[in-house]
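Take a look at the structure below.
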Amino acid sequence: MKIRMVLLCVISLGFGVVSRAPADEDAVFGYRDVVKRAEDLAKGPFAPQVQDLSPELQNLDYDLYRRIRFLPEHSVWETAPYRLGFFHPGYYFKQLVLFHAIEKDRLHDIPFSPAYFYYDKPLQFSGHEAFVGFKVYVPSSRPGIQDEFLSFLGASYFRAVARGLHWGLSTRGLAVDNGINGPEEFPYFREFWMREPNPGDQGIRFFALLDSQSVTGGYQFDVQYGETTVIDVKATVFVRKKPEVLEIAPLTTMFYFGENSVNKPTLKPDYQPSGKTEFSMNKTDFKRREFRPEVHDSDGLLMNTVSGEKLWVPLDNPPNVTVRRFSDVTSFAMLQRDRDIDDYLDREAEYHRRPSLIVQSKSDLGPGFVRFLQIPTKDEYTDNQVAGWEFRNPPEAGGKVEFAYQLRWTGDEPDVDQFRVASTTVRPNPESNETRFSVEYDKPKKGELIPVGDLRPHIVVNHPGEVRDVQFTPTGTGWLVSFTIHNPNPSQQLDVSCVILRQDTFCSEKWLYLLNM
């Protein structure tokens, strides 16, 4: 079926609209120009652009690379409402990325210079270095300080934050063949054209050229920073060879463990023993102990469906790679709902301040699914959750696809008139092949009061699972639904769902869980 992704309740959100550049401001270089370059590029074979770096830059490790810092006083457009900074080549980042500035009626290159950076120690240069990514600043409320809120670095990855939030999940311009048996392909933005904002502009516009073995693409980004940071994306993608999986707006996040995790780690993944014998074993154990209750950038995938259902999939750290597809979806978002710092106990990472990311399509995408990929992880430094919109039938070689969507990086989510899932706890009992679930629902923030007597939980599990011992308990802020799933065949995965019904109409999100015994 045709899918048109429209976020429910979007009118009530009150988010600002990104100011659009007048047509004549793109006369020097605009969307049609970058699309034409992508079309021409697709006619030839893929030729990766790798920088000619000195051996010292090529061999930088993580610690040395992170000590290289861009100096904000060298940001481009110092008096504009949005200012540009750049990332240094080295470590993993060695692809050649070119940058151009569109300033009024002229177009010019933005060359690399070591003078733009602070170095912990002197480095050798080949003289052919280029930037590998960029960041965008806005003036801070603190005098003399600029706040970084947007970064593009590595392949087609980018991420943003809203005012008052911490860096968290990321997204990509495109995902190709992720989560299949063969190798994943990583398209990358090889060239950018940055349009200088006018003094009164509320947003910034730039263009990007995407390239990979299978695809090329011309992109336009319109960005506005605020309490919710909004990014409008418009793109035309050309296909060199047909990929198995073509996915737009792939949201990438991390879930190490949370309230629903069964086997939480007991030791911190980043602890490195000092080797000094004067420390007692008790002190070492204390330093290594994992005391945090939860560690994640996001805690759930929210989807709206054609029928009006809202689906909530709590994230987890699975024992094996899993791929699920959800059809008839009209919108999706990766959320961090738990905002209580006491649920994380990590004032450095500030997981309670990680942004949620909502995707709203602005074009008819044709037949497809929301594809949800989960990968096991042994630490908090690996993004292991990916959700994006997958074309059911990717274009053939020589074909193209056009799309437009909006990204909203926010600490809030839309007010709805349904109960929403607040928490999930899981208690397995392998001896009896049973798992006890407790799903807590919060009352809706708006809408009519729902009579208690009209409510009932509805739990479904596929064969051969069996639902047992259902309890429905008021909590003061909503309802707690507790139930047991018996699985006589523990080697088989079970799909479990839970929803609160008023008569035969759903009045809550539908909670979905993939049970591995």
message: With θ taken as phi - 60° and the coefficients 6.51, -1.76 and 1.60, list the Karplus ³J(HN,Hα) couplings across the stretch 75-88 in order, rounded to whole Hz; mark glycine and proline as x.
response: 5, 6, 6, 4, 9, 7, x, 10, 10, 9, x, 9, 9, 7
message: Report the gain in length on full extension from V452 to H166: 0.36 nm times residue separation, minus Cα-Cα distance, nm rounded to one decimal.
response: 99.1 nm
- line: Karplus-derived 3J(HN,Hα) from phi for the stretch 329-337 (6.51 cos²θ - 1.76 cosθ + 1.60, θ = phi - 60°), whole Hz, x at Gly and Pro, runs 8, 9, 6, 8, 7, 9, 10, 10, 7
query: Once the piece of chain linking D61 and L267 is laid out straight, how much longer is it, given 0.36 nm per residue of separation minus the C-alpha distance between them?
result: 71.7 nm
message: If you fit an axis through the alpha-carbon atoms of helix 31-42 and take the longest principal axis of the Cα set of the chain, what angle between them do you get, 0 to 90°, nearest 10?
response: 90
task: Taking a cut-off of 18 Å between Cα atoms, list the aspartates and glutamates near K362, but don't count ones fewer than 8 places away on the same chain.
output: D222, D232, E247, D328, E390, E402
statement: So the compactness index of the stretch 201-246, its C-alpha Rg divided by 2.2 N^0.38 Å, takes the value 1.47
- prompt: Around F257, which amide H atoms from residues at least 5 apart in sequence, or from another chain, sit under 5 Å from its own amide H, with H modelled in the peptide plane?
  reply: V295
field: Percent of Cα pairs exceeding the 16 Å cut-off, where the set is the stretch 420-515
entry: 54
- prompt: How do 299-310, 206-217, 138-149, 230-241 rank on mean C-beta neighbours within 10 Å, highest first?
  reply: 206-217, 230-241, 299-310, 138-149
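Could you check what % of the DSSP bridge pairs in the stretch 420-515 are antiparallel, to the nearest 5?
The answer is about 100 percent antiparallel.
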message: Run the simple label-point estimate for S141 and T475 please: 7 Å along Cα→C-beta, distance reported in nm.
response: 3.2
Over 21 Å (Cα to Cα) - which of K135/K378; K241/K400; K43/K400; K234/K510 fall in this group: K135/K378; K234/K510
Karplus-derived 3J(HN,Hα), 6.51/-1.76/1.60, for each residue of the stretch 178-187, Hz, glycine and proline x: 8, x, 10, 5, x, x, 7, 9, 10, x
Three principal axis lengths of the stretch 106-185 [C-alpha, angstrom, descending]: 49, 40, 37
- prompt: Using a simple spin-label model with points 7 Å from Cα along the Cα→Cβ vector, what separation in nm is obtained for F29 and D415?
  reply: 4.5
query: Counting alpha carbon pairs within less than 8 Å and at least 6 residues apart, what relative contact order, in whole percent, applies to the chain?
result: 14
Listed residues Q493, H458, C507: farthest to the positive end of the dipole of the stretch 420-515 (Cβ charges): C507
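Considering only the other residues whose Cβ falls under 11 Å of the Cβ of D316, what net charge follows from Lys and Arg at +1 and Asp and Glu at -1?
-2
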query: Rounded to the nearest 500, what is the chain's calculated 222 nm mean residue ellipticity when only DSSP H runs of at least 4 contribute -39500 (n - 2.57) each, over all residues?
result: -1500 deg cm²/dmol
message: Check which residues have an amide H placed less than 5 Å from F86's amide H, if you skip close sequence neighbours.
response: K135
- request: Assign unit charges at the C-beta atoms only (+1 for Lys and Arg, -1 for Asp and Glu), then state the dipole size of the chain relative to its Cα centre in Debye, rounded to the nearest 20.
  value: 200
task: Report Rg/Rh for the chain, rounded to two decimals, where Rg is the Cα radius of gyration and Rh the Kirkwood radius.
output: 0.98
- line: Between the alpha carbon centres of the stretch 102-138 and the stretch 325-394 the gap in Å comes to 32
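All of the numbers you see were taken from the coordinates with simple rules; none came from a lab. Source: prediction; values computed, not measured. Here Cβ is always computed from backbone atoms with ideal geometry, including for glycine, and neighbour counts include all displayed protein chains.
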